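Here is the structure we will look at.
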Amino acid sequence: MKVEIKEVDEKTGIVRITYGDDRWYFDPVKRQNGLPNVVARPSITWIGGYWYKGKDLLRWMVEHNSWEDVENGLAEAGTRGSKVHNAIEKFFVGEKVRHDIKLLNPATGAEEEITGEEFFHVKTFTQWWEEFKTQFDSVEIVEVEKSHTVQGEEGMERGYGFTVDLVLVGVKNGKRQVIIIDLKTGKSIWKSASIQISGIKYGLTKEKKIEGIENAMLYILQTGYKANKVKKYKLTEMEYRVDRLKTCYAMWADENSEKNPEDEYFPLEFALDLKDVTAPDGTLYVSPKKNVPGASSMWRILM
């Protein structure tokens with residue numbers, strides 16, 4: 001996910017462009033020097049990544065020939081996960097997911113046809129859904145792929161951002177249960193996943209917008225889980241570990257206290273000084289009727 005925020009002040013002739021990636025979430029705050037300001041908050045996924053993963057990940061990394069191979073493998077997994085998430089999101093706006101659907105590849109910014117492996121993940125999600133629905137008299141979809149931010153507080157001064165995969169409410173025999181689902185397309189669940197989903201519940205609880213969210217049950221749903229003989233998905237209940245969240249946040253802050261997304265200021269437009277320069281048709285370029293803000297000596301071709 002690439003983020004580019006443009007804030008324009010026509011009066012002063014300035015545009016500020018903030019470049020971000022999936023490590024950052026942005027909160028708008030009060031205006032500053034004529035431009036709206038934003039606060040960049042780290043993603044809960046980035047924070048959770050500071051927790052030790054375990055021997056399985058180290059073994060997987062050792063099996064690769066080079067660090068470049070490791071990065072390529074992680075990038076491929078990230079792309080697969082994003083596309084599967086995007087496909088599943090379409091179910092909850094009433095759409096079907098065809099075998100040839102085109103989905104955004106976040107690494108390239110281009111739409112591309114879903115692969116067979118990705119379509120398999122979608123299939124296994126539908127199988128889980130059919131089983132899940134039978135457990136309740138009614139099911140309410142509360143949130144799907146919605147982003148949130150948590151304001152800074154003691155111990156987590158810069159706050160953080162997160163995206164909810166799925167929040168559901170199931171009712172059976174009059175009893176209401178809130179369920180937070182985090183979707184994974186990988187074969188393993190790292191401890192960082194418990195930090196991520198705990199951070200989601202913690203943030204939603206602070207918002208106080210979902211009734212009963214403080215008692216929500218937490219699950220990781222692994223789609224396309226081929227290790228199972230019959231059901232090719234795996235649902236794992238997770239502990240609510242705010243202690244891990246705050247410990248991991250401290251580790252993240254120790255290494256990233258000064259980091260911010262790139263922020264650049266530009267004039268609203270650019271032109272070249274072409275005075276006394278001959279154009280391809282043999283004539284001289286002429287000065288513009290209207291000067292570029294802050295650059296009165298600049299010249300351009302008059303069409």
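Tabulated values for the structure
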quantity	calculated
Approximate spin-label separation ASN256-LEU268, in nm, with each point projected 7 Å along Cα-to-Cβ	3.6
Gained length - LYS191 relative to THR278, 0.36 nm times residue gap less alpha-carbon distance	24.8 nm
Sites VAL93 and VAL286 - FRET efficiency at Förster radius 41 Å, r taken between beta-carbons, to 0.05	0.15
Stretchable slack from VAL139 to TYR52, in nm (0.36 nm times residue separation minus alpha-carbon distance)	27.7 nm
Under the Karplus curve 6.51 cos²θ - 1.76 cosθ + 1.60, θ = phi - 60°, whole-Hz ³J(HN,Hα) for the range 145-151, x wherever Gly or Pro sits	6, 10, 9, 9, 10, 10, 5
Tensor-based shape of the range 150-244 (alpha-carbon gyration tensor, a/c under 1.5 rounded, otherwise prolate or oblate)	oblate
Coil-residue trypsin sites (Lys or Arg not before Pro) of the range 82-120, DSSP, other Cβ within 10 Å capped at 16	LYS96, ARG98
Prolate/oblate/rounded call for the range 89-196, Cα gyration tensor, a/c under 1.5 rounded	oblate
Spin-label model distance (nm) - SER147 vs VAL62, 7 Å beyond Cα toward Cβ	3.9
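Each reported figure results from applying straightforward, stated rules to the coordinates on display, with no laboratory input. As the structure is a computational prediction, the values presented were derived from the model and not from experiment. Counting neighbours? That spans all protein chains shown, and the Cβs are built from the backbone with ideal geometry, glycine included.
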